[in-house]
Amino acid sequence: MKKKILVVDDEMDIRIFISTLLETNGYKPIIAKDGEEGLKMVQENKPDCVILDVMMPKESGLKLYREIKTNESTRHIPVIMCSAVAKKTFFHSHKELDRYHGASIPEPDGYIEKPPEAEELLSNLQRLVA
Amino acid sequence: MKPKILLIDDEEGIRKLLGISLRDAGYPLVIAIDGEHGLELFQEEHPDIVVTDIKMPGVDGMEVLKRIKYVSPETEVIVITGHGEIELAIQSLQMDASDFITKPIHDEALFVALRRAEEKLAWRRSLRRYNETLKTKVREATEELRKNFQFQEKLMQSAIDGFIGTDDAGRAVLFNVAAQRLSGYTLEEIRELSDPLPRLVPEWGEFMARTVPAQLAAEGRSACMVQRGFLMAKNGERIPIRLSGTLLLDQDRIIGSICCLQDQRELDRLQRDLLRAERLAATGQTVAGMAHAIKNILGGLKGGRFMVNKGLELNERRYLQDGWQMVERNIEKIAQFTMDLLNFCRDREPELEETDPNGLAREVFDLYREQAAQLGVRLRLELDETLPPFVLDPKGLHQVLTNLVSNALDACTLGDDLPARPEIILSSQGLAGGRLLLQVKDNGPGIPEEVRKKLFTIFFSTKGSRGTGLGLLLSQKIVQEHGGQIQVQSVPGEGATFQVILSRKFATPPQKSPDGL
């Protein structure tokens, strides 16, 4: 059976690109335009992996990430974060946020700098979705 | 303690008698048998009081008195005279004897004389102590003064700022090291100049010639001056300085002046450096913002390229179509971004022409009417039909209104807390003083305070990758080029109102009435 991959991004171009990339590589993409929609789809569809944009206009991808990782039924789902911020900066601020929230939330399973490169995204997926 | 007494008498009976009385009274006592012996003992024993007989063989009492008073004026000498020797007694008093007693000696008279001598001694001692204290005090005060003076002198001399002090005739009396270094003149050279201050600091001459007489006349006293100026150095250089100076007055009389010179070159240099650093930081921010915007567009282009490649590879028309659309959209985006950037950076003069502001508003309204309808937003136009034509840059203002309406559409259709019946009102209105108000009002979610503060910041956007963060900034620039202002009012939850206010300057001059009145 094809693995279900949820793509959450406010940018239409990125959604189309990533879902085509997934489709042509044997995955089944499902898409959400923002964090709220994303959360609903995570709960209803139980995807095998989430590709999540950090910077979205409504609420940031970080919030959805926290929700996925603090919920017993979804915390096992691997998440690949996607942002224009440099990787180092992102992981630094993740730690800072952790301290701020007072709860330890695991680091994302994968991180991709925008604009996303097809190869990098696929290799991350192969690693995370057996 | 009782004073020590030296008793000198050649008569043994008197020596014994007086010796007993004095010892009984508790005085330490040494006894000499004649004048010569007395003087010897005086040298050895240093008595405080000498009681001596006048008439003695050899060195007599007068001689003893004279010599003792010569070497030790403080020693009290009481002379013993025979009955009827009043002449000698007076003579001895003239020679500074403290008292005399006459033979036959009564103890009472003796002790009265001794008490007086003791009092004199005590008085003299305290006077001496007092004198000594006074001397010490004067020495200490002098030392203190000297130190103070030295300190002040050092302070003046080693101060970083230059000091020039002049006396009542305008001659230099103070010219510290810094002033010498700054001006290139030595102390000797400056002393030879007849009127050094106005020569070195032309502003001082101005101050003396204009300000001082005026101040003296107005307030009866002269204040000081603090201003920027130039120091005319010896080598002809004009050194920028900050100078502060004042006249020194004693009552109403001018007794001199003092002027402090601060070298401004270092400060000027620091300020220039700071400005440059700030500019660099601003440039850095701008570049980072641009890189971010370009990265986003690049992402879209790369995605498009991938799609087109896949479409070709798999011969899938759907991929080809989507991909090519992506490429086109992003080409459009980059074109718009570049235009915005150019518009923002270009220092163009507004192309002014007589324009009907209502016509401008109508154009923008027509441009968005259909898009608004599609998005379910009610777009309304409320025009003040009495408006006269204004002289303004129609292209620029068109861009401003387009921008504001497009923002309002986004506000009503993207994000949270969207209104049930979204509505945008584009209006024009004449204001007092011949000013023009163009307004775009929406009933969207409004603008939180922290966002409002950053609205006109370069590359600030709340629209994720949709915004470039240039629109409002560009609008503001255009409005400011018109000498106008752009304002935002917003109550979160109740929408936002953007107002463009153009001043009277751009209103057309009123037509002259035909009858020439």
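The values are calculated or read from the model by the stated rules, or taken from the named source; none is laboratory data. Because the structure is a prediction, the values reported are computed rather than measured. Every residue, glycine as well, gets a Cβ built from its backbone with ideal geometry; the counts of neighbours run over all protein chains shown.
In this structure, B:Glu313 does satisfy being over 30 Å from B:Phe390 (Cβ atoms) and either more than 11 Å from every other protein chain (Cβ to nearest Cβ) or out of contact with any Gly (no Cβ under 8 Å at 6 or more places or on another chain) (or both).
Each residue in the stretch A:1-19 was checked for being touching a strand residue (DSSP E or B) at 6+ places or on another chain (Cβ under 8 Å) and either aromatic (Phe, Trp, Tyr) or within 22 Å of B:Trp324 (Cα to Cα) (or both), and 8 pass. The residues of the stretch A:52-85 that are without any contact (Cβ under 8 Å) to a residue 40 or more places away in the chain, under 12 Å from A:Ile5 (Cβ atoms) and not in a strand (DSSP E or B) amount to a single one, A:Ile77. Scoring B:Arg272 on the criteria (1) charged (D, E, K, R); (2) modelled with pLDDT of 80 or more; (3) under 30 Å from B:Asp340 (Cα atoms) leaves a single failure, condition (3).
Could you tell me which residue of the stretch B:39-67 is nearest to B:Tyr27 (Cα to Cα), considering only residues that are assigned to a loop (DSSP other than H, G, I, E, B) and among the charged types (D, E, K, R)?
Only one residue fits best here, namely B:Asp48.
Checked against the criterion of being crowded, with 17+ Cβ neighbours inside 10 Å, closer than 26 Å to B:Gly289 by Cβ and modelled with pLDDT of 85 or more, the candidates A:Ile112, A:Ile68 yield just one match: A:Ile112.
Name the one entry in A:Ser73, A:Ser60 that is surrounded by fewer than 21 Cβ atoms within 10 Å (Cβ to Cβ) and either within 14 Å of the chain's Cα centre (by Cα) or facing another protein chain (nearest Cβ under 9 Å) (or both). Answer to the check: A:Ser60.
Looking at B:Met290, B:Met339, B:Met307, just one residue is assigned to a helix (DSSP H, G or I) and within 12 Å of chain A (Cβ to nearest Cβ), and that residue is B:Met307.
Checking each residue in the stretch B:70-122 for being in a helix (DSSP H, G or I), closer than 19 Å to B:Gly13 by Cα and among the charged types (D, E, K, R) picks out B:Asp107, B:Glu108. Within the stretch B:434-468, the set of residues being modelled with pLDDT under 70 and either under 42 Å from the mean Cα position of the chain (by Cα) or in a loop (DSSP other than H, G, I, E, B) (or both) comprises B:Ile458, B:Phe459, B:Phe460, B:Ser461, B:Thr462, B:Lys463, B:Gly467, B:Thr468. Of the residues in the stretch A:28-47, none is touching a Pro at 6+ places or on another chain (Cβ under 6 Å) and either surrounded by 16 or more Cβ atoms within 10 Å (Cβ to Cβ) or among the polar types (S, T, N, Q) (or both).
Tell me, yes or no, whether the stretch B:96-106 has at least one residue that is under 13 Å from B:Leu7 (Cβ atoms), acidic (Asp, Glu), in the same structural domain as B:Gly19 (by TED's automatic domain parsing) and over 60 Å from the mean Cα position of the chain (by Cα).
Within the stretch B:96-106, not a single residue is under 13 Å from B:Leu7 (Cβ atoms), acidic (Asp, Glu), in the same structural domain as B:Gly19 (by TED's automatic domain parsing) and over 60 Å from the mean Cα position of the chain (by Cα).
Determine whether the stretch B:347-357 contains at least one residue that is away from every other protein chain (no Cβ under 14 Å) and within 30 Å of B:Pro419 (Cα to Cα). Yes, some residue in the stretch B:347-357 is away from every other protein chain (no Cβ under 14 Å) and within 30 Å of B:Pro419 (Cα to Cα). Condition (residue is over 18 Å from B:Ile105 (Cα atoms), of a type in the set (D, E, K, R) and surrounded by 15 or more Cβ atoms within 10 Å (Cβ to Cβ)) applied to the stretch B:50-65: is it met by at least one residue? So far as the stretch B:50-65 goes, yes, one or more of its residues are over 18 Å from B:Ile105 (Cα atoms), of a type in the set (D, E, K, R) and surrounded by 15 or more Cβ atoms within 10 Å (Cβ to Cβ).
Test of understanding: among B:Arg329, B:Arg318, which residue is closer than 17 Å to A:Ile16 by Cα, within 11 Å of chain A (Cβ to nearest Cβ), in contact with a Gly (Cβ under 7 Å, 6 or more places away or on another chain) and not small (Gly, Ala, Ser)?
When all the criteria are applied, what remains is B:Arg329.
For beta carbons closer than 8 Å, sequence separation of 6+ or different chains, a first residue in the stretch B:241-265 that is touching a residue at least 12 places away in the same chain (Cβ under 8 Å) and a second that is assigned to a strand (DSSP E or B) and aromatic (Phe, Trp, Tyr), the qualifying pairs are B:Ile241/B:Phe230; B:Ile258/B:Phe163; B:Cys259/B:Phe163; B:Cys260/B:Phe163; B:Leu261/B:Phe163.
Within the stretch B:188-207, being without any contact (Cβ under 8 Å) to a residue 40 or more places away in the chain and surrounded by 14 or more Cβ atoms within 10 Å (Cβ to Cβ) holds for B:Ile190, B:Leu193, B:Asp195, B:Pro196, B:Pro198, B:Arg199, B:Leu200, B:Pro202, B:Gly205, B:Glu206, B:Phe207. Going by the conditions given, is A:Asp13 within 14 Å of chain B (Cβ to nearest Cβ), touching a helix residue (DSSP H, G or I) at 6+ places or on another chain (Cβ under 6 Å) and in contact (Cβ under 8 Å) with a residue 60 or more places away in the chain? Spelling it out, it is not the case that A:Asp13 is within 14 Å of chain B (Cβ to nearest Cβ), touching a helix residue (DSSP H, G or I) at 6+ places or on another chain (Cβ under 6 Å) and in contact (Cβ under 8 Å) with a residue 60 or more places away in the chain. Surrounded by 20 or more Cβ atoms within 10 Å (Cβ to Cβ) and under 20 Å from B:Gly300 (Cβ atoms): does that describe A:Ile51? Here the answer is yes, as A:Ile51 does meet what is asked.
Being modelled with pLDDT of 90 or more and either closer than 27 Å to B:Glu36 by Cβ or acidic (Asp, Glu) (or both) is not true of B:Gly82. The single condition among (1) of a type outside the set (Asp, Glu); (2) within 13 Å of chain B (Cβ to nearest Cβ); (3) in contact with a Gly (Cβ under 6 Å, 6 or more places away or on another chain) that A:Ile80 does not meet is (2). Among the residues of the stretch A:28-51, those identified as in a strand (DSSP E or B) and either among the acidic types (Asp, Glu) or away from chain B (no Cβ under 14 Å) (or both) are A:Lys28, A:Ile30, A:Ala32, A:Cys49, A:Val50.
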